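Structure first, commentary second.
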Amino acid sequence: MRRSICIATLILAPAIAQANTIVENSGVSGFPGTFNFIGYNSSNVAFGQPVRSQFLEFGGRFHPAGSNANLAFGNGTTVTATQTVGGNTVTFNVPYNNSIPDPNLFDRTIAYNSNLLGSWNLSVSNPGYTNTVQVNTLAIDPTIGVPPFITGITISGTSNATTTPTLSWNAPAFNPPNGYNQNTKIFIIDLDHNRQTIFRQDLTSHQTTFTIPSSANLNPNGHYGVVIRDDYRVPSTNATTGASSQSFFDFHPNAVSQFSGPVQVPVSSVNSVGQTVYSFNIDVSHGQSVNLDPAVALGYIFAVGDGNPNFASVKLPDLGMSHPYGLYLWNGSSYQFAQDLIANTLFTFAQGGVSRFEILGIDPNLGLDPNNSTAFVTQVTFTANGPFTGTMTAITAVPEPSTWAMLILGFGGLGFISYRRRSKPSLMAA
């Protein structure tokens with residue numbers, strides 16, 4: 001018995017890493033050691049800043065042996081990724097991403113390049129540790145395809161549960177290629193504090209609702225981003241590759257107390273004249289109230305998309321102003337004043353509804369944060385059942401009547417609701 005124990009010890013001892021060495025993260029579900037994938041973004045604007053519609057992301061998770069990563073280790077560690085293409089060596093620094101749920105994460109995103117789909121060699125070193133880690137990622141299959149994006153996200157909850165709101169969305173049909181698994185992840189980004197990822201959760205396939213737990217420590221008045229990501233990944237425990245589609249949304253938890261029912265959250269993009277436009281992709285029903293989530297400005301232009309039912313009614317939030325809003329209707333060439341609208345009062349358009357309208361009169365002295373996407377929730381109904389794919393562009397300066405026609409040309413398909421997003425998160429790693 002004693003001899004057997006000694007032999008086992010001699011065999012295992014060399015595999016035990018010393019406390020002053022760096023090791024690759026391994027053996028933890030959902031936290032692979034290396035990753036290398038193609039990414040796609042739902043919008044060219046995420047939280048107010050442009051992002052790449054297609055990109056490459058690669059990196060890994062590394063930490064001191066026998067302990068978790070800490071800020072000092074991460075900031076002092078150098079990770080270099082190299083790949084040889086056509087006889088030339090391509091090199092990138094892979095920075096430390098101090099993400100709360102992924103503390104061991106080093107990741108890099110670059111513009112999509114079909115020549116850089118191969119395996120990356122990652123070299124990891126730190127002057128305070130005795131070793132250098134050399135590890136290779138998996139290569140990317142260029143034929144993998146694009147995982148579908150989620151659509152129709154809403155935020156809901158009771159007024160006394162604003163720190164644990166519920167997010168709901170439409171789950172797409174998944175058809176991953178042979179050899180790959182589909183999985184969905186949700187990330188919560190603190191847009192008030194350096195766009196730091198504060199929460200991460202793996203979801204079950206085809207899940208369509210998620211209640212943010214109290215452990216995320218949301219501030220009821222805070223500004224947060226949501227990234228819901230659909231992945232196609234190889235079923236590997238310590239190295240992953242594949243493709244990801246990321247959908248960006250942002251919200252303020254206290255939005256759920258402005259109107260009863262869920263608040264629709266849009267996706268942002270930029271139109272042909274450089275304005276941020278916010279779009280929706282939801283199904284609506286005749287007479288059904290829909291709460292929209294645009295940004296605060298001096299006014300808004302609302303319009304439906306091609307083939308959408310018209311707006312039947314509108315109700316505007318009570319901001320405590322001493323004067324009413326102004327309603328303007330499109331006459332074919334410009335917006336013309338129609339009448340005053342009282343806050344929190346349902347206004348019904350003429351029979352047949354309208355395909356677009358404009359609201360002015362928000363008092364600039366209110367000082368509402370234009371980055372607060374839920375400070376001006378607008379409630380509308382529609383004249384019939386069908387899809388709503390409209391957009392809305394917030395107006396921050398009231399143009400002269402002669403400029404309206406030029407602006408409308410820049411609104412493209414027009415549609416319905418919008419809200420301004422302030423800052424882009426670090427793209428989520430595998």
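The values are calculated or read from the model by the stated rules, or taken from the named source; none is laboratory data. The structure displayed is predicted, hence computed values, not measured ones. Every residue, glycine as well, gets a Cβ built from its backbone with ideal geometry; the counts of neighbours run over all protein chains shown.
Miscellaneous remarks
- Of the residues contained in region 383-403, none is found to be at pLDDT below 55, buried (at least 19 other Cβ atoms within 10 Å of the Cβ) and not hydrophobic (A, V, I, L, M, F, W, C).
- Search result, residues across region 150-175 that are surrounded by 20 or more Cβ atoms within 10 Å (Cβ to Cβ) and either in contact with a helix residue (DSSP H, G or I) (Cβ under 8 Å, 6 or more places away or on another chain) or assigned to a loop (DSSP other than H, G, I, E, B) (or both): Ile150, Ile155, Gly157, Thr162, Pro165
- Boolean, Ile100 is at pLDDT below 95 and outside the structural domain of Glu24 (by TED's automatic domain parsing): no
- Pairs where the first residue, in region 84-101, is closer than 20 Å to Ser125 by Cα and of a type in the set (Ser, Thr, Tyr) and the second is surrounded by fewer than 16 Cβ atoms within 10 Å (Cβ to Cβ) and modelled with pLDDT of 90 or more, C-beta under 6 Å, 6+ apart: Thr89/Thr82; Thr91/Thr82
- Restricting attention to region 302-311, the residues being of a type outside the set (A, V, I, L, M), part of a loop (DSSP other than H, G, I, E, B) and surrounded by 14 or more Cβ atoms within 10 Å (Cβ to Cβ) number 4.
- Residues (more than 18 Å from Phe187 (Cα to Cα) and either touching a Ser or Thr at 6+ places or on another chain (Cβ under 6 Å) or free of Cβ contacts under 8 Å to residues at least 40 places away in the same chain (or both)) located in region 161-175: Ala173, Asn175
- Applying the criterion of being modelled with pLDDT of 75 or more and in contact with a Gly (Cβ under 6 Å, 6 or more places away or on another chain) to the residues of region 274-305, the residue that is nearest to Phe337 (Cα to Cα) is Ala303.
- Being in the same structural domain as Gly305 (by TED's automatic domain parsing), touching a strand residue (DSSP E or B) at 6+ places or on another chain (Cβ under 9 Å) and either modelled with pLDDT of 50 or more or part of a loop (DSSP other than H, G, I, E, B) (or both) is a description that does not apply to Pro425.
- Residue that is surrounded by the fewest Cβ atoms within 10 Å (Cβ to Cβ), among those in region 312-343 that are touching a residue at least 24 places away in the same chain (Cβ under 8 Å) and touching a Pro at 6+ places or on another chain (Cβ under 7 Å): Ser334
- In region 152-171, residue modelled with the lowest pLDDT [restricted to those that are out of contact with any strand residue (DSSP E or B) (no Cβ under 7 Å at 6 or more places or on another chain) and not hydroxyl-bearing (Ser, Thr, Tyr)]: Asn160
- Within region 121-140, at least one residue is in contact with an Asp or Glu (Cβ under 7 Å, 6 or more places away or on another chain) and surrounded by 15 or more Cβ atoms within 10 Å (Cβ to Cβ).
- Sole residue being in contact with a Gly (Cβ under 8 Å, 6 or more places away or on another chain), over 28 Å from Ile186 (Cβ atoms), surrounded by fewer than 21 Cβ atoms within 10 Å (Cβ to Cβ) and at pLDDT below 95, chosen from Asn20, Asn115: Asn20
- The set of residues in region 330-345 that are part of a strand (DSSP E or B) and either at positive phi or out of contact with any Asp or Glu (no Cβ under 8 Å at 6 or more places or on another chain) (or both) comprises Gln336, Phe337, Ala338, Gln339, Asp340, Leu341.
- Taken over region 211-225, residues that are modelled with pLDDT of 90 or more and within 27 Å of Pro50 (Cα to Cα) amount to 4.
- Filter pass, Ala216 being more than 26 Å from Ile22 (Cβ to Cβ), surrounded by 15 or more Cβ atoms within 10 Å (Cβ to Cβ) and not assigned by TED's automatic domain parsing to the domain that holds Thr82: yes
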